[in-house]
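Quick note: the coordinates plus some simple rules give every number you see, no bench work behind them. Keep in mind the model is a prediction, meaning the values are calculated, not measured. No Cβ is skipped: glycine too gets one built from the backbone with ideal geometry, and neighbour counts run over all protein chains shown.
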Amino acid sequence: MRRLVQIILLKPILWASRKFASRPQRERIFKALSELYKNIKETPGKKGISIPLNEKCRYIIFSDQHRGAKNGADDFAAAEPNYMEALDYYYKKGFHFISLGDSEELWENSLYKVKKHNLTSFEAEKKFIERKRFYKVFGNHDLYWANDPLAGWQLKKIYGEEVKVYEGIVLQPVTEDLQTPDRGLPLTVHPSAFTIFLTHGHQGDANSDGNWFSKFFVANIWAPMQSYLKINPNTPAYDEEMKTEHNHIMYEWAAQQQNLVLITGHTHQPVFESLTHLERLYKQLQQATGNTEECAKLELEIKKRDKNFKPDYPLIPDLKPSYFNSGCCCFSDGDCTGIEISDQSISLVKWSKENGRELLEQKPFTELLPRLK
């Protein structure tokens with residue numbers, strides 16, 4: 001019976017979750033991002049910190065694990081093996097780990113249940129903390145870390161030492177080749193480089209930014225239904241679509257800034273250089289006009305992802321490469337996506353059971369900088 005109900009409701013539920021999960025408001029988002037960025041730049045500390053980015057710094061950015069209680073509503077369960085393999089790889093390679101929000105699913109679960117059922121991944125993260133290579137940002141589903149008076153005590157119980165949680169982080173390229181300090185920015189800012197601003201991305205989203213009704217709906221209606229039907233709305237198809245409205249507004253804010261790259265999570269939709277994978281394919285198709293063989297190849301690839309493909313699809317404009325999204329670590333097929341910053345390059349990677357680490361996109365800083373002016 002449950003299987004029959006799942007088949008009947010799967011598509012409507014996925015459609016509804018995408019259409020109504022986020023109701024972004026452009027003015028609210030612009031204001032929230034601007035205020036947060038200004039706060040971190042001018043008075044680093046409680047809201048966020050500036051840390052130096054030099055040629056030797058290496059960062060992996062994962063977001064939206066949504067660790068739960070290992071039940072039918074736990075979106076992270078299928079992705080945990082890939083996540084663990086990824087963390088082991090980055091720890092051994094000397095990366096710093098930035099957890100960019102919604103690491104714990106605290107709308108659907110109590111913190112006690114999340115701690116009880118995720119000891120293995122917490123221990124893997126603890127290794128980064130012991131080497132002073134861990135930064136934690138809160139999101140809307142783990143807002144607890146930002147506003148509960150016992151949050152610091154709970155984090156210390158989980159990780160064995162104090163862990164500060166921020167709303168945002170600024171990676172500031174510097175001229176001096178020094179080790180990354182735990183906080184503050186006592187170094188000389190590189191005069192011709194760009195800044196990287198990281199935050200979860202829920203700011204200004206009326207349906208997520210601490211909205212009590214959303215949390216009530218998720219905890220009391222959606223979670224029980226998801227647990228019973230075992231439906232995970234975080235399908236891999238997210239990277240095969242045009243940008244969500246929320247991602248588009250994030251891009252609009254970032255594009256107005258000078259020498260700045262914005263990296264967020266929240267939407268579970270990977271974005272690289274302001275484009276989703278499908279948008280990049282359409283862009284390549286437009287640029288291949290006149291090359292019959294290349295056009296046929298790209299059209300075939302697009303049709304696999306876009307059932308509504310039309311040869312006369314509106315042109316994808318030239319976008320400023322100022323917005324990136326890490327995707328999530330809870331896709332229904334177990335895949336995890338993330339953003340790497342290393343060797344003076346930024347990359348979009350995917351971790352899967354079949355192939356391990358896959359490099360999906362990569363761009364050197366030297367090629368990004370001229371387009372960020």
Item to check | For V165, V271, V114, order by how many other beta-carbon atoms lie within 10 Å, fewest first | outcome: V165, V114, V271
Checklist entry - Using the 10 angstrom Cβ neighbour count as an exposure proxy, how do E108, E301, E80 rank, fewest first? => result E301, E80, E108
Checklist entry - Given H placed 1.01 Å from N in the peptide plane, which residues other than close sequence neighbours of V261 have an amide H under 5 Å from its amide H? => result T195, I196, F197
Item to check | Per-q log10 I(q)/I(0), the range 276-318, q = 0.14, 0.22 Å⁻¹ (Debye; single scatterer per alpha-carbon; no solvent) | outcome: -0.26, -0.66
Item to check | Within the range 332-373, backbone nitrogen closer than 11 Å to the virtual label 7 Å beyond the Cα of N259 toward Cβ | outcome: 373
Checklist entry - Gain in length, Q25 to Y89, computed as 0.36 nm per residue apart minus the alpha-carbon separation, to one decimal in nm? => result 19.2 nm
Item to check | Cα shape, the range 264-373, gyration tensor, a/c 1.5 rule | outcome: oblate
Checklist outcome for this item: Here, K353 and F122, labelled 7 Å along Cα→Cβ, have an inter-label distance in nm of 2.6 nm
Item to check | Low-density loop positions, GluC sites (Glu not before Pro), the range 23-91 - DSSP coil, at most 14 other Cβ in 10 Å | outcome: E55
Checklist entry - So how do H66, H277 line up by other beta-carbon neighbours within 10 Å, fewest first? => result H277, H66
Checklist outcome for this item: If each part is reduced to its alpha-carbon centroid, the range 287-301 and the range 28-103 end up apart, in Å, by 37 Å
Next on the checklist: Could you tell me the calculated FRET efficiency between L315 and K115, based on Cβ-Cβ distance and R0 = 51 angstrom, to the nearest 0.05?
Outcome noted: 0.55
Next on the checklist: As an exercise, identify the trypsin sites (Lys or Arg not before Pro) in the range 240-318 lying in DSSP coil whose Cβ has no more than 11 other Cβ atoms within 10 Å.
Outcome noted: K307
